[in-house]
Amino acid sequence: MKRYSAFAVAREALRYHTGWERAWRSPEPKRRYDVIIVGAGGHGLATAYFLGKNFGITNVAVLEKGWLGGGNTGRNTTIIRSNYLQDPSAAIYEKARSLYETMSQDLNYNVMFSPRGVIMLAQTEHEVRGYKRTAHANALQGVQTEWIEPARVKELVPIINLEGPRYPVLGGLWQERGGTARHDAVAWGYARACSAMGMDIIQKCEVTGVRSENGRVVGVDTTKGAIDCDKLGMVVAGNCSHLSEMAGFRLPVESVALQALVSEPIKPCMDVVVMANTVHGYMSQSDKGEMVIGGGTDGFNNYTQRGSFHHIEETVRALNETFPMVSRLKMLRQWGGIVDVTGDRSPLISKTPVDNIFVNAGWGTGGFKAIPGSGWAMAELMATGHSPLAEEFSMMRFKEGKFIDESVAAGVAH
Ligand SMILES: Cc1cc2nc3c(=O)[nH]c(=O)nc-3n(C[C@H](O)[C@H](O)[C@H](O)COP(=O)(O)OP(=O)(O)OC[C@H]3O[C@@H](n4cnc5c(N)ncnc54)[C@H](O)[C@@H]3O)c2cc1C
């Protein structure tokens, strides 16, 4: 793989950009791999990357039914933070956040990580108590967050209206090193690094069946034929229930559409990310100037990977209270992704009832921020059978009652 650098850009400029190579290869599948990962979203690609980087396992295929990064990884609002309440969550999200800090250098690919700071607004007394508690928990976990008063919120976000008609802003939980990154670039950067290690990323290759013998996986059936493997990682977010059904077990996951929208581009007006969980909307400004706006999930389970009118209305109505300037913006695009939600709003990084099948799912509305940490832990689990970061996220916790309850703590879990 040729390194990207300022020197390379200058060199290519002199020869009319004829020397660039493709960022990743697009091979036909081999008959057999040591490891198959299903799903070329951020989590699947990061798993493959760390299998190669940390464990030297490179006879790996990543199978993707559409195009890489075309699932939730390319559809999210890119918020990165690690201010979770429970210890296992803080550990994996903080690992991920810290890996984001150096991801562009590690991958030699600019993922545009922008640690501009994230505020979660407290707009009820309940939220004030909740976020103060999270700030204390974060201090014990070594995660840097702080409780800030309304005056400081206004200083950080001049366009905010502190005196909303229903819910005035009473303060906020501030994570200075939270922020955003370019979501497609995260997928593309990992894909390029995996391909350079000799792994095969095979797009337009849907897994249609999972084959096992004597309780152990032996391969998968795909739209490009049967492929054998020793180990299988299922990393398909909202489609995880379909995959697990093919393998003969069920997951404690529901799938539901989550929507987002962007406005027309405007001049820079807000240089932090703001989440307003009570009124249920959140916003940041992209480098192009668009206001990136996220709302909640649909109230019913579905696989409708698209937007709907009532969400525009609900989300924009909520934001109008907190940011009156939103009422003057034209909205450009709206879309949806199918997210995989567990009962305690925490993910699954787990062994399964079939030997050598591992599942990584349940990131729901908030898994973009977790991609590098999740890939790190999943690779460790697949390579060695054990990962300290993943230990508490076993699917067995739903049998044993050992929930990692982030549902109330997270409010809107993005
Ligand atoms: C609107 C929206 C906003 C969000 N905002 C945020 C946010 O601000 N911050 C945050 O942290 N998270 C956010 N999220 C959540 C985040 O996007 C997801 O948790 C994360 O991207 C999941 O990544 P993944 O790699 O697990 O799944 P995906 O990116 O969905 O990848 C799974 C892949 O598996 C493929 N696949 C499925 N079935 C098969 C099959 N049978 N064979 C082969 N391939 C298959 C799919 O095509 C897909 O490409 C948001 C999500 C949405 C939808």
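Once you charge only the Cβ atoms, +1 for Lys and Arg and -1 for Asp and Glu, what is the size of the charge dipole of the chain about its Cα centre, to the nearest 20 debye?
With Lys and Arg at +1 and Asp and Glu at -1, about 960 debye.
Once the piece of chain linking K224 and M331 is laid out straight, how much longer is it, given 0.36 nm per residue of separation minus the C-alpha distance between them? Display every interim value, and only then the final one.
Numbers: separation 107, 0.36 × 107 = 38.52 nm, distance 4.01 nm.
Separation in residues times 0.36 nm, less the Cα-Cα distance, equals 34.5 nm.
What does the charge count near E254 come to, summing +1 for each Lys or Arg and -1 for each Asp or Glu among other residues with Cβ under 13 Å from its Cβ? Let's see the in-between values first.
Values: positive: R250, R345; negative: D298, D340, D344.
Result for the local shell: -1.
In the stretch 142-299, if the dipole is taken from +1 on Lys/Arg beta carbons and -1 on Asp/Glu beta carbons about the Cα centre, which of L261, C205, N239 is farthest to the positive end?
Sorting the options by dipole projection puts first C205.
Please report the spacing between the Cα centers of the stretch 213-251 and the stretch 129-143 in Å, no decimals.
Here the answer is 39 Å between Cα centres.
Quick one: putting +1 on the C-beta of Lys and Arg, -1 on the C-beta of Asp and Glu, what dipole do you get for the stretch 177-320 around its Cα centre, in Debye to the nearest 20?
Magnitude of the dipole: close to 240 debye.
Provide the FRET efficiency to the nearest 0.05 for the F7-T58 pair, computing r from the beta carbons and using R0 = 41 Å.
FRET efficiency, F7 to T58: 0.90.
Once you put a point 7 Å from the Cα of Y303 and another 7 Å from the Cα of A23, both along the Cβ direction, what distance in nm separates them?
A separation of 2.8 nm, rounded to one decimal place.
Which listed residue (P252, V169, V220) has the Cα farthest towards the positive end of the charge dipole for the stretch 165-320, taking +1 on Lys and Arg C-beta and -1 on Asp and Glu C-beta about the Cα centre?
V169
As a footprinting exposure proxy, order I371, I201 by other Cβ within 10 Å, with the fewest listed first.
Least crowded to most crowded, the residues run I201, I371.
Taking neighbour counts of Cβ atoms within 10 Å as a proxy for exposure, in what order, fewest first, do K65, K30 appear?
Numbers: K65 19, K30 12.
Ranked by crowding around the Cβ, least crowded first: K30, K65.
Mind checking the full-extension length gain between E125 and R216? Use 0.36 nm per residue of separation minus the Cα-Cα distance, one decimal, nm.
27.6 nm
Search the structure for amide H atoms under 5 Å from the amide H of T352, placed 1.01 Å from N in the peptide plane, and list their residues when 5 or more places away or on another chain.
Counting only residues 5 or more places away or on other chains, the set is I357.
Using a cut-off of 10 Å between beta-carbons, work out the net charge of the residues near R345 (Lys and Arg +1, Asp and Glu -1, R345 not included).
Summing Lys and Arg as +1 and Asp and Glu as -1 gives -3.
In what sequence do E94, E254, E155 fall when counting other Cβ within 10 Å, fewest first?
Ascending Cβ contact count within 10 Å gives the list E155, E254, E94.
Sum up the charges of everything whose Cβ sits under 12 Å from the Cβ of S195, counting Lys and Arg as +1 and Asp and Glu as -1, but leave S195 out.
Local net charge: +1.
If you place +1 on the Cβ of every Lys and Arg, -1 on the Cβ of every Asp and Glu, and leave all else neutral, what size is the dipole of the stretch 82-136 about its Cα centre, to the nearest 20 Debye?
For the stretch 82-136, the charge dipole is close to 120 debye.
Of V316, Y4, M270, whose Cα points farthest to the positive end of the dipole of the chain (charges on the beta-carbon: +1 Lys, Arg; -1 Asp, Glu; origin at the Cα centre)?
Y4
Computed from the coordinates by the stated procedures, all read-outs in this text should not be read as laboratory data. The structure presented is a predicted model; accordingly, all values stated were derived computationally and were not measured. Please note: Cβ atoms are built from the backbone with ideal geometry, for glycine as well, and neighbour counts cover all protein chains shown.
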